[in-house]
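Derivation of every value follows stated rules applied to the coordinates shown; laboratory data play no part. Please read all numbers here as calculations on a predicted model, not as lab measurements. Cβ placement follows ideal geometry from the backbone for every residue including glycine, while neighbour counts extend to all protein chains displayed.
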């Protein structure tokens with residue numbers, strides 16, 4: 001197992017290199033660059049533009065630019081954002097963005113799983129009953145509503161239908177402005193919760209439907225296996241049959257899904273974060289993409305790829321851990 | 001609890017330390033806004049009271065706090081409020097007025113301009129503001145090649161030199177120009193920076209720091225208590241993606257006639273919101289006090305106003321900037337193709353036919369919900385130099401405007417006269433030689449622009465011109481424009497009060513002379529006269545005289561039809577009744593963006 005893990009980790013290095021080269025090529029293939037907007041500004045002269053191009057190294061051939069970038073990265077220098085003039089990772093993480101991202105993503109993840117697994121089980125054990133249809137319907141509804149739209153609808157309902165402004169409550173953002181310069185208090189904590197629940201609902205419902213369907217399908221498959229019939233014919237209680245025997249086996253494929261949701265922790269829910277005005281890493285990355293701020297785009301991509309690969313490794317590891325049939329040696 | 005109190009006390013002490021105590025009495029040289037004074041543009045405004053917090057929505061995060069390395073309005077919105085220059089543009093008229101300088105003299109030959117600074121003024125940390133700060137800003141920041149400064153290009157004189165800035169005494173600075181250059185009075189308004197705070201980051205003054213350090217100074221992650229300014233506001237808190245809080249600068253030198261120091265509000269909280277939709281919801285929810293609305297918001301906000309006690313201001317002001325279509329008169333020049341089409345596009349009669357096919361009224365009605373103004377020339381509508389205004393010179397009226405009315409019949413007869421008729425019976429007009437004529441119209445993925453293009457496409461097709469509209473990526477579009485590989489491109493340019501800022505666009509060798517780059521080698525009579533008028537307008541300090549040159553220039557531009565102008569949306573905003581003076585002084589932005597923000601003159605009527 002250990003040699004397998006080491007080997008997997010070492011594989012990540014060439015993989016990251018290939019990812020970075022592809023990403024760099026894609027950025028260069030996009031029409032225009034960071035300075036395109038400046039080129040369109042009547043007040044900026046051609047000489048100044050040329051100076052900027054040279055300052056950012058955009059005049060060098062593609063491979064030379066990539067080589068410079070790679071050489072600096074190996075030395076631990078990911079460069080400075082063209083846009084904010086701050087180091088790449090400061091631009092991405094500055095202002096507690098990483099903290100908020102992880103906090104929101106983990107709480108949403110936990111909520112999604114805590115709700116989706118029991119609903120999936122319920123749905124499987126009540127197959128084709130009206131309650132199964134109701135749960136499935138809402139699951140699909142959550143999956144099919146675009147997040148940005150759902151977020152806007154929630155804000156609209158709060159403002160226009162419930163008129164929360166009359167009760168001094170704000171919408172969007174992390175906390176109402178009257179708490180900005182207040183020390184931490186119970187009221188402030190509650191206000192944070194008031195601002196966080198729409199995020200949980202929007203992101204949670206979009207992820208839940210898939211999980212419910214997966215859990216339902218797996219459990220139905222498992223319930224039809226001979227060993228479940230054996231367990232039942234032994235006279236075991238139905239709850240023991242389901243929770244001790246069937247669910248434990250049916251949940252295995254979901255473990256892989258859990259491992260793969262790791263990268264989503266840092267780069268997911270970009271659109272929801274923008275609409276609901278939440279500071280996340282994904283949002284900073286999105287801005288950099290829009291402005292073609294190359295160093296930040298590259299640094300961010302490398303960071304997200306690293307998380308994706310680590311997520312894969314963790315998924316493999318977890319699978320081996322929960323399923324005694326799987327061994328990698 | 002005790003710890004919390006100590007913490008709050010410490011924080012308060014820190015913020016006092018950063019911001020200083022304020023003036024004991026009104027400085028003799030204070031800048032007094034004539035609020036309520038008859039005969040001024042401020043006459044219908046009210047004297048306010050101090051206190052309160054103004055909540056404003058803002059779509060984008062700032063990128064830095066450094067006034068001189070900022071390149072976009074999301075940053076300059078804040079830096080302009082922290083750093084003021086020797087002169088400013090009057091908030092309402094757009095004319096150049098004294099700011100940090102109380103006045104200036106221009107020598108008889110027009111080459112030496114001497115500025116007298118207001119005496120006894122201080123930076124927000126209590127240090128005195130002197131001529132050394134002005135010298136530092138010009139010589140060590142703006143004109144320093146090591147600094148990636150956004151305003152250096154604006155300082156270049158027509159002969160390629162820069163003004164020479166010297167100190168005469170602590171409160172007098174002298175600029176010597178190699179040639180008379182009126183736009184200098186505009187560009188001299190760059191924000192003055194505190195030498196005592198920033199000199200240490202300039203490589204030229206402190207060789208211990210590496211070259212380029214200034215560019216990475218005052219970035220977003222700085223300790224905000226180090227920010228020092230001379231404007232009405234100082235940023236004191238920044239919650240990334242959420243809000244920016246600005247507090248009053250206790251040493252701002254602006255006062256009202258009653259002797260109350262400005263700004264009236266204690267604080268501005270800028271709520272950074274995702275988009276206009278969320279911005280509007282926050283306004284309706286009472287979280288923000290003002291909102292710059294879109295025409296489509298009117299049906300929702302107008303009925304809600306009386307009950308919620310807010311006003312929807314439909315002004316008669318159009319925004320700065322231009323919106324146009326650009327038939328590429330150099331089409332195919334690079335690869336030697338499309339010679340006949342190129343010849344046609346270069347024929348002003350053809351461009352006139354196109355202009356007569358632009359239904360600007362429908363564009364205003366359908367795209368801008370009736371809230372817009374048609375445009376006919378290249379100077380921004382609110383500029384005091386716009387030929388349709390009577391601010392300078394005159395008397396001039398809209399009768400000077402050159403309109404190509406929407407007239408499909410006239411357009412058709414012009415096309416017929418050019419031989420652009422359907423020769424093969426396919427229903428589309430062909431080139432005079434009989435070769436098919438297709439016109440590609442491009443713009444980027446912007447709903448307003450797409451809506452304009454669809455109307456244009458329909459009108460061109462109705463006239464028998466085979467127009468094909470296609471949306472392309474913005475960068476591709478800009479590349480097409482600059483490489484002169486496009487056909488007809490629809491876009492817009494930013495504008496301002498100063499017509500000379502259009503020099504890059506309208507003079508024959510300008511880098512944005514995208515309708516005919518070849519005019520640089522092969523200018524026609526009109527091109528030469530435009531070049532000449534641009535120089536003449538810049539070469540006099542007599543504003544009325546300059547206006548006459550710019551008027552002729554605008555009329556020539558309109559006849560030349562290089563860029564064919566469309567329309568500009570009217571400036572709309574809404575504010576709650578309790579925001580005093582907001583009726584005149586939109587605190588969000590005025591059409592001019594940065595230059596007309598009157599946050600310092602608004603006040604809370606509930607106090």
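Using only Cα atoms, find the angle between the long axis of helix A:294-322 and the longest principal axis of chain A, and express it within 0 to 90 degrees, rounded to the nearest 10. Roughly 20 degrees between the two axes.
So the label point goes 7 Å from the Cα of residue B:438 along Cα→C-beta, right? Which residues of segment B:445-459 then have their backbone N under 15 Å from it? Hits in segment B:445-459 for residue B:438 at 15 Å: none. Helix B:447-462 and the longest principal axis of the Cα set of chain B meet at an angle near 20°.
Principal-axis analysis of the Cα atoms of chain B puts helix B:73-82 at an angle of about 30° to the longest axis.
For segment A:143-246, the fraction of C-alpha pairs more than 23 angstrom apart is 54%. In plain terms, the residue of A:122, B:252 with the fewest other Cβ atoms within 10 Å comes first and the most crowded comes last, giving A:122, B:252.
How big is the Rg/Rh ratio for segment A:25-83, C-alpha atoms only, Rh by Kirkwood, two decimals?
1.01
Work the Kirkwood hydrodynamic radius out for segment A:173-329: mean of 1/r over every pair of different alpha-carbon atoms, inverted, in Å. About 19.3 Å, per the Kirkwood formula over Cα pairs.
Residues B:509, B:567, B:149, arranged from fewest to most other Cβ atoms within 10 angstrom of their Cβ, appear as B:509, B:567, B:149.
Other protein chain C-beta atoms within 10 Å of residue C-beta, averaged over A:171-184: 6.
Stokes-Einstein diffusion for segment A:1-135, with the hydrodynamic radius set to the Kirkwood value over Cα pairs and evaluated at 4 °C in a medium of 1.567 mPa s, equals 64 µm²/s.
Is segment B:461-607 rounded, prolate or oblate when judged by the Cα gyration tensor, a ≥ b ≥ c being the square roots of its eigenvalues, rounded requiring a/c under 1.5 and prolate requiring a/b larger than b/c?
On the way: a/c = 2.68, a/b = 1.48, b/c = 1.81.
Because a/c hits 1.5 or more and a/b fails to exceed b/c, segment B:461-607 counts as oblate.
In terms of overall dimensions, the C-alpha atoms belonging to segment B:342-431 reach 54, 30, 21 Å along their principal axes, ordered largest to smallest. Can you figure out the FRET efficiency of residue B:405 with residue B:300, using R₀ = 22 Å and their beta-carbon distance, to the nearest 0.05? Working from the Cβ atoms, E equals 0.05.
Placing pseudo-labels 7 Å out from each Cα toward the beta carbon at residue B:180 and residue A:77 gives an inter-label distance of 5.2 nm. Suppose the Debye formula is applied to equal point scatterers at every Cα of chain B; what is log10 I(q)/I(0) at q = 0.07, 0.08, 0.11 Å⁻¹? The Debye formula, applied to the Cα set alone, gives -0.48, -0.63, -1.14.
In plain terms, if you count all Cα to Cα distances in segment A:92-161 and split them into 10 Å steps from zero, the share in each step is 16, 29, 35, 15, 4, 0 percent. Remark: mean inter-chain Cβ contacts per residue of A:78-87 equal 5, using a 10 Å Cβ-Cβ cutoff to other protein chain atoms.
If R0 equals 30 Å, the separation of the Cβ atoms of residue B:413 and residue B:525 corresponds to a calculated FRET efficiency of about 0.70. Label-to-label distance for residue B:366 and residue B:462 is 0.8 nm, based on points extended 7 Å past Cα in the beta-carbon direction. Every Cα-Cα pair of segment B:515-587 was included, and the share exceeding 21 Å stands at 53 percent. Taking 7 Å steps out from each Cα toward its Cβ at residue B:168 and residue B:28 produces label points 1.8 nm apart.
Each peptide among A:191-202, B:165-176 gets the average number of other Cβ atoms lying within 10 Å of its residues, and from highest to lowest they stand as A:191-202, B:165-176.
Listing B:255, B:573 from fewest to most neighbouring C-beta atoms within 10 Å gives B:255, B:573. Estimated translational diffusion coefficient (Stokes-Einstein, Kirkwood radius over Cα pairs, 4 °C, 1.567 mPa s) of chain A: 55 µm² per second. Here the calculated FRET efficiency for residue B:95 and residue B:43, from their Cβ-Cβ distance with R0 = 22 Å, stands at 0.85, rounded to the nearest 0.05. When all C-alpha to C-alpha distances in segment A:97-278 are sorted into bins of 5 Å, what percent of pairs does each bin hold, rounded to whole numbers? So the P(r) values, bin by bin, are 1, 8, 14, 16, 15, 13, 10, 8, 6, 4, 2, 1, 0, 0. Segment B:320-360 and segment A:106-174 have Cα centres separated by 54 Å. More than 20 Å apart: what percent of Cα pairs in segment B:221-362 qualify? Roughly 71 percent, rounded to a whole number.
Taken residue by residue and averaged, Cβ atoms of other chains lying within 10 Å of the Cβ of B:266-274 number 4. Under Stokes-Einstein, with the Kirkwood radius over Cα pairs as Rh, the value for the protein assembly as shown at 10 °C and 1.306 mPa s is 51 µm²/s.
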